[in-house]
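Trainee: Sharing a structure, written as structure tokens. Questions coming.
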Amino acid sequence: MIGVVARRLLSAVPVLLLVSLITFGMMRLIPGDPAAAIAGLSATPQQVQQIRQDLGLDQPFLTQLLHWYGGLLQGDLGRSILLGRGVFASVMERLPVTLALSAYALVLTLLIGLLAGILAALKQNTVIDQLAMAFAMIGISLPSFFLGLVMIIVFAVHLGWLPTGGYIPLTEDPWGWFRTSTMPAVSLALLQAGLLARITRSTMLEVMRQDYIRTARAKGLSQRSIIFRHALSNAMIPITTVVGIIVSLLISGAVVTEAIFSIPGIGQLLTQAVLNRDYPMVQGGLLLVTGFLVLVNIGIDVLYAFLDPRVRYE
Amino acid sequence: MLMQRSILASCGLAAAIALPLSPAAAAPFSCPSRGGDLVFGQEANVNSLDQMTSSTISTRNIAMNIYESLVTRDENNKVIAELAESVEEAPDRLSYTFRLRQGIGFHNGKPMTSADVAASFDRYKRIGLQRSTLDNVQGWEAPDAATFVIRMARVQPTFLEALSSFSVPIVIIPAEHKDDPPQQLRPVGTGPFRIAEFVPGSHAKLVRYDGYKPNTAYEERTGFGGYKAACLDSVTFRIVTEASARVAGLETGELQGVEDVPTKSVEALKKDSNVTILPLENWWIQIALPNTAQAPTSDLNFRKAVQAAIGAEDVMDAATDGNYRLNVGFQYPNQPTYTDAGKETYNINDPEKAAALLKQSGYKGEPITILTNRDYPAMYNAALVMQQQLQAAGINAQLRVVDWPTSVQMSQKVNSTEWHFFHSGWGTQPALGALATMQFLASPGANYRPRDDKGDPDVEAAWRDMNDLPTEAERNAAFARMQKLVLERAYAYPFGSLTKVQAVRANVKNFKPFRIPRFSNVWIAK
Amino acid sequence: MSETGALPLEVDLAGPAAEPKRRSPAWATLRRLFRHRLFVTGLILFGIIAVMGALAPWITTANPNRLAMRNKFLPPGGDYILGTDNFGRSLWSRTVWGAQLSVIIGLSVVALNAVFGTLIGALAGYFRRVDNLLMRINDALMAFPAILLAIGVTAMLGPSTLNVILALGIVYIPRTARIVRASVIVLREMEYVQAAVAAGAGHWRILRHHILPNAMAPMIVQLSFLFAYAVLSEATLSFLGLGAVPPTPTWGNIMAEGRDFMRDAPWIICIPGVALMITVLGLNMLGDGLRDVLDPRLRIQQ
């Protein structure tokens, strides 16, 4: 098992290398430079030129690339131009925000998605099934940025129940965190809950048609025991895969959601970095984020093998 | 001595010096009520509070409540002393002697001395964004703890005006912070508030600095200086990028103050008795600049045709959703250097005249690129209307919408063939005065992008006069000449001045609209 | 655009058909499709939008880009059936033209994927020698958070309709390729393919006649969902200011411009938002129907 994990980790290295090369090349091909972004609106051309010189943006492409990999080898991800701080420190500062929000969204996703999926499967072809599936269908069809904006209009502007945006850390004020995180978490979760509900329903239905469930039923086991002991535990396997995919979706989701709700997470950090041409931040930040996602996927695979004894690596 | 006096008077420093002579007016400001946390909804993200290396408005909004400078500007943009008690110009105009106010301490508890001032200037000279301010300076010294002397390499009549600029001010920091790298200055200043917490992208919390010593030369806050006191316990700047969210936050009381209220929301907010609307007039000059390095914008008749085609009302209406003032030129009517020289070029709105000029220019329907960005909606909106007006005059105008950094880079390229008109907004510089504004139109870097970056000699001559003529009257006359030249030769199309609306809850008192949200002398009525 | 990642999910489970299907006459499949309630509902919903887009020049009178400052912020009803935006432009015109652009962009992304996704997937799945190289590049592109990759690519190429199509192509082709590859790998080992190899058929012939036709069903299902994601992603990119150049009337552009006024003129963002939802909903239902009918392994008794 350890060997397998090690091999998976090793195979991630060329992927991350490619990621960093693509990022580096892409950022240098984007027109515009960080000087104009740092200078802001009211700067004079001289000020912009001054920043450009200070940043040493006139070095050749290859020199910059070698410099970046040289730093990387020494474990140095570089320093953000815009924030003036280390890339690693900046990412680590923002990561808890996105993780807390994602965890909240994941809990909502699991609660709503599993519940709706199981109910729909059990009450197949009833009104409950249809309602659950209609909900799931709407969930996967609602653009999350539109949902976010509509929620702001309804719950913050007109009803005044929830704050319009901003973020209060969980460690500082749990109730404040709950109030500021609920709308973003819901707008992240709805799509994923829809996905999960659909998958849960179809997997449950498939599992329940299997011979061993029929046998269990024939043996007169209670419906409840069948569902929880047999059907659900077998359905967990594809569901775990889905959860893995959902986790990797959260960063993408965070980009839009954090922008709309002014949440200082990793999504905002990276979007701002791309838009402001903060080269070191984009290069280092994306490498960390993709590295994290690769780790999550390996973790999910291990969990998958653990849940399903039939899955064994060659 | 006579000389010194006149110069100082002209710079508006007279107030600081003449204070002992001024009639003992009412007692200085004192807080009618103390305490409370004020949450201010700020539009734009803040990345760094390093006031020496950042020129963004969002940084200044927060940092200028923390830091102070030797000299700054008052409510009417006159030069005043802040951390200095007095400023003395030598008769040969080759040195300036600053006497520092006594008993001032930094937020870290250390007293401020001339060594700190010298260290601040050292850092600014090394990495400060506007370090060209110190180009004519030979050096500085601190003969004693309360005296700071700047020695000039050559006479610069406008030196104090430049030194007091709040664009990227030379703020005074503790000497031990002088080697802090760019963007990483530790936020310790001498202002009435000190930083308690700063999370880039989220919020900054300032708390009252109990050791603050107000400038007793004044009775009230004025501009960036004056008699300042922190009545509030704390101020939280929260980044709220959605305009609707800011407005809603203000209505519910979640925010006590906001900036940049959309005009459309102002109508509704006016009916809310819990909210005070504070329009900040003359926030920026909406402007478009031609690229004179390439045809057909290199042709005077073509540029004048465009000038004739523009209707400023519609452009400004779109840019601001209705909250604007028509304005000629590069200064505002309330400023001392304001002039309407060249007004016959403004707001002509005559497609037929434009078509006639177009014919003279030999324009044959080549596509014309209007470069703008969507990061600043006002610029995008103005460009959209300009496009329609040019099309109505028979010009094949196309929009090129990129993001702000790209548009700046494109517009600054020498002899660019990618664009013909570039949309911008001039905010801080016009507010600082004619000198700060017109540097946009002087080479190198003149914004009308002359061929090979060599500016129109007549314009350049006027610019030199604006800087070098000995008296203020002469320099102002040079400004009027430069503005007239620029407008008549259509090197810039200033559309008018944009109003930015700030708003606070009705119980927030003495919050006056200004270029930064100032929180000294602001209190919450109980 | 969190929607993007949903892609592998739908199809990982769809997987390759377990066994080569007997070719049923096309009309029988069609008849089954048109008896499928979800499919028909989806077709109607999407059809409304598509027809609106196709007829845009004839069913709108106002030029979608014509400014009329005096008519700004008119609510729906009255002279303008869907109201006007902050420039007094007709929202009906802009939304209808936006529909056209959404459908064109969606179709183009689908076409790009159908061609390049199939090509890359088939090559990687069939020829083991190129598999490793192609899949590593694929993995790297898929390792990026999809939206950031799209933002980066559009920022690099500059905002335009064509570049949005390219950016979405770069984001989605690796995902499509991976699915095709999975089908091809399974089919390659099938007895009837091995028999064709033994009979001396060329690689190209085997791919074209024996493998790809049988990989079509999951492909079609995949592409119908892809259509939905492409429309959504395009709207998201435009909303973020990285889509087609404004004032081009795309739904994302309209919503982005209406964002500052959502408190006092909510119709500006709600009208294109609802149109977007109807489109995606329709396409998802269509995809569900296609999957049920074309890919029986996944059909669950209705």
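What follows is calculated from the coordinates using simple rules that are stated; it is not laboratory data. None of the values given here were measured: they were computed from a predicted structure. In this analysis, Cβ positions are derived from the backbone assuming ideal geometry, glycine residues included, and neighbour counts consider all displayed protein chains.
Trainee: Test of the criteria: in the range B:367-474, which GluC sites (Glu not before Pro) are in a DSSP loop and have at most 16 other Cβ atoms within 10 angstrom of their Cβ?
Mentor: Loop-located and lightly packed - B:GLU418.
Trainee: What translational diffusion coefficient, to the nearest whole µm²/s, does the range C:201-274 have by Stokes-Einstein, given a Kirkwood radius computed over alpha-carbon pairs, a temperature of 25 °C and 0.890 mPa s viscosity?
Mentor: The Stokes-Einstein estimate is 165 µm²/s.
Trainee: Let me ask you something else. Of B:SER69, B:GLY257, B:VAL235, which is farthest towards the positive pole of chain B's charge dipole, taken about the Cα centre with +1 and -1 on the beta-carbons of Lys, Arg and Asp, Glu respectively?
Mentor: Toward the positive end, the furthest listed residue is B:VAL235.
Trainee: Normalised radius of gyration for the range B:441-508, please: alpha carbon Rg relative to 2.2 N^0.38 Å, two decimal places.
Mentor: Here the Cα radius of gyration is 1.57 times the empirical estimate.
Trainee: Taking each pair of different alpha-carbon atoms in the range A:253-309 once, compute 1/r for the pair, average those values, and report the inverse of that mean as the Kirkwood hydrodynamic radius in Å to one decimal.
Mentor: That comes to 12.9 Å for the range A:253-309.
Trainee: A follow-up question, please. Taking a temperature of 4 °C and a viscosity of 1.567 mPa s, what whole-number D in µm²/s does Stokes-Einstein yield for chain B with Rh from Kirkwood over alpha carbon pairs? It would help to have the intermediate numbers written out before the result.
Mentor: Numbers: Rh = 24.3 Å.
For the chosen part, D equals 53 µm²/s.
Trainee: Shifting gears a bit: Along the charge dipole of the protein assembly as shown, pointing to its positive end and built from +1/-1 on Cβ of Lys, Arg, Asp and Glu, which listed residue (C:HIS36, A:GLN223, C:ALA114) has its Cα farthest out?
Mentor: The one lying farthest along the dipole's positive direction is A:GLN223.
Trainee: Tell me, what HN-Hα J-couplings in whole Hz come from the Karplus equation 6.51 cos²θ - 1.76 cosθ + 1.60 at θ = phi - 60° for each residue of the range C:214-222, using x for Gly and Pro?
Mentor: So the Karplus estimates, Gly and Pro as x, are 7, 8, 5, 4, x, 4, 5, 4, 4 Hz.
Trainee: Starting from the 7 Å offset along Cα-to-Cβ, what nm value, one decimal, do you get for the label separation of A:LEU65 and A:GLN49?
Mentor: In this crude spin-label approximation the distance works out to 3.1 nm.
Trainee: For labels at B:LEU94 and C:GLU189 in the simple 7 Å Cα→Cβ model, what's the distance in nm?
Mentor: Taking the two extended label points, one gets 9.1 nm.
Trainee: Further question on the same structure: Specify the inter-centroid distance of the range B:442-458 and the range A:273-305, based on alpha-carbon positions, in whole Å.
Mentor: Spelled out, the Cα-based centre of one part sits 46 Å from the other.
Trainee: What dipole magnitude, in Debye to the nearest 20, does the range B:93-250 give about its Cα centre under +1 on Lys/Arg Cβ and -1 on Asp/Glu Cβ?
Mentor: 120
Trainee: Taking R0 as 25 Å, what FRET efficiency do you get between A:LEU72 and B:VAL199 from their Cβ-Cβ distance, rounded to the nearest 0.05? Before the final figure, lay out the partial values.
Mentor: Numbers: r = 27 Å, r/R0 = 1.10.
Computed FRET efficiency for A:LEU72 and B:VAL199 comes out at 0.35.
Trainee: Filter B:LYS125/B:LYS205; B:LYS343/B:LYS413; B:LYS178/B:LYS500 down to the pairs with a C-alpha to C-alpha distance above 32 Å, please. Provide the component values of the computation, followed by the final result.
Mentor: Numbers: B:LYS125/B:LYS205 29 Å; B:LYS343/B:LYS413 30 Å; B:LYS178/B:LYS500 36 Å.
Long pairs (Cα-Cα over 32 Å): B:LYS178/B:LYS500.
Trainee: Determine the distance separating the Cα centre of the range C:146-223 from the Cα centre of the range C:98-119; give it in Å without decimals.
Mentor: Result: 14 Å between the Cα centres.
Trainee: Loop-only check: which trypsin sites (Lys or Arg not before Pro) in the range A:150-258 are DSSP coil with at most 15 other Cβ within 10 angstrom?
Mentor: Answer by residue number: A:ARG209, A:LYS219.
Trainee: Where in the range C:60-80 does the amide nitrogen come within less than 11 Å of the point 7 Å from the Cα of C:VAL274, taken along Cα to Cβ?
Mentor: Output list for this probe position: C:76-77.
Trainee: Please report, to two decimal places, log10 I(q)/I(0) for chain C at q = 0.06, 0.08, 0.10, 0.14 Å⁻¹ as given by the Debye formula with identical point scatterers on the Cα atoms and no solvent.
Mentor: Scattering profile of chain C, log10 relative to I(0): -0.24, -0.41, -0.61, -1.03.
Trainee: Going by how many other Cβ atoms sit within 10 Å of their own, how do B:LYS228, B:LYS213 line up, fewest first?
Mentor: By the 10 Å Cβ count, ascending: B:LYS213, B:LYS228.
Trainee: Taking 7 Å along the Cα-to-C-beta vector as the label spot, tell me the C:ALA199-B:LYS359 distance in nanometres, rounded to one decimal.
Mentor: Between C:ALA199 and B:LYS359, the label points sit 7.9 nm apart.
Trainee: While we're here: Only helical DSSP H runs with n ≥ 4 go in: add -39500 (n - 2.57) per run for chain C, normalise by residue count and round the 222 nm mean residue ellipticity to 500 deg cm²/dmol.
Mentor: -22000 deg cm²/dmol
Trainee: Right, something else. How large is the charge dipole for the protein assembly as shown, taken about the Cα centre, if only the Cβ atoms of Lys, Arg (+1) and Asp, Glu (-1) carry charge, to the nearest 20 debye?
Mentor: 3440
Trainee: Which three extents, in angstrom, do the Cα atoms of the range B:375-526 have along their principal axes, listed largest first?
Mentor: 61, 45, 28
Trainee: Of B:LEU487, A:LEU18, how do they rank once you tally other Cβ atoms within 10 Å and put the fewest first?
Mentor: By the 10 Å Cβ count, ascending: A:LEU18, B:LEU487.
Trainee: Mean 1/r over all different Cα pairs, inverted: what Kirkwood radius does the range C:73-177 give, in Å?
Mentor: When all Cα pairs of the range C:73-177 are included, the Kirkwood radius is 16.1 Å.
Trainee: With runs of 4+ DSSP H residues as the only contributors, calculate the mean residue ellipticity of chain B at 222 nm using -39,500 (n - 2.57) per run, divided by the residue total and rounded to the nearest 500.
Mentor: Mean residue ellipticity, 222 nm, calculated: -8500 deg cm²/dmol.
Trainee: Moving on to the next point. With N denoting the number of residues in the range A:138-208, provide Rg(C-alpha) divided by 2.2 N^0.38 Å, to two decimal places.
Mentor: 1.39
Trainee: Here's another thing I want to ask about it. Remind me, relative contact order of chain A in percent, using alpha carbon pairs under 8 angstrom and six or more residues apart?
Mentor: 27
Trainee: While we're on this one: Please report the Cα spread of the range B:335-431 along all three principal axes, rounded to whole Å, starting with the longest.
Mentor: Extents along the principal axes: 38, 35, 26 Å.
Trainee: List the residues, sorted by chain then number, that are 5 or more residues from A:ARG79 or on another chain and whose placed amide H is less than 5 Å from its amide H.
Mentor: A:VAL87
Trainee: Set the Förster distance to 30 Å, then compute FRET efficiency between C:ILE44 and A:THR215 from the Cβ-Cβ distance, nearest 0.05.
Mentor: According to the calculation, E is roughly 0.10.
Trainee: Then there's this: So how long is each side of the range B:294-344 along the principal axes, counting just the alpha-carbon atoms, biggest first, in Å?
Mentor: Projected onto its principal axes, the Cα set of the range B:294-344 covers 37, 29, 19 Å.
Trainee: Tell me, what HN-Hα J-couplings in whole Hz come from the Karplus equation 6.51 cos²θ - 1.76 cosθ + 1.60 at θ = phi - 60° for each residue of the range A:153-162, using x for Gly and Pro?
Mentor: For the range A:153-162, the Karplus curve yields 4, 6, 7, 9, 6, 8, 8, x, 6, 10 Hz.
Trainee: For A:PHE88 and A:SER233, compute 0.36 nm times the residue count separating them, minus their Cα-Cα distance, and round to one decimal in nm. Mind showing how you got there, number by number?
Mentor: Numbers: separation 145, 0.36 × 145 = 52.20 nm, distance 3.96 nm.
Full-extension gain reported as 48.2 nm.
Trainee: With +1 on the Cβ of every Lys and Arg and -1 on the Cβ of every Asp and Glu, and nothing else charged, how large is the dipole of the range B:370-526 about its Cα centre, in debye rounded to the nearest 20?
Mentor: 940
Trainee: If you average the alpha carbon positions of the range B:272-323 and of the range B:149-170, how far apart do those two centres end up, in angstrom?
Mentor: The two parts, judged by their Cα centres, are 32 Å apart.
Trainee: Then there's this: For B:CYS31, B:CYS231, what's the fewest-to-most ordering of other Cβ within 10 Å of each Cβ?
Mentor: Fewest to most other Cβ atoms nearby, the residues stand as B:CYS31, B:CYS231.
Trainee: If the viscosity is 0.890 mPa s and the temperature 25 °C, what Stokes-Einstein diffusion coefficient in µm²/s follows for chain A when Rh is the Kirkwood radius over Cα pairs?
Mentor: 110
Trainee: Based solely on its DSSP helices, what 222 nm [θ] is calculated for chain A when runs of n ≥ 4 H residues each add -39,500 (n - 2.57) and the sum is averaged over all residues, nearest 500 deg cm²/dmol?
Mentor: That comes out to -25000 deg cm²/dmol.
Trainee: Round to the nearest 0.05 the FRET efficiency obtained for C:ALA68 and A:GLU172 when R0 = 56 Å and r is the Cβ-Cβ distance.
Mentor: My answer for the efficiency is 0.70.
Trainee: Does the range B:55-137 classify as rounded, prolate or oblate by the C-alpha gyration tensor (a ≥ b ≥ c root eigenvalues; a/c under 1.5 gives rounded; else a/b over b/c gives prolate, otherwise oblate)?
Mentor: Note, shape of the range B:55-137 comes out rounded.
Trainee: Within the P(r) computed for the protein assembly as shown, what percentage of the Cα pairs occupies the region above 42 Å? Mind dumping the intermediate values first?
Mentor: Details: 298886 of 651511 pairs.
Beyond 42 Å sits 46 percent of the P(r) for the protein assembly as shown.
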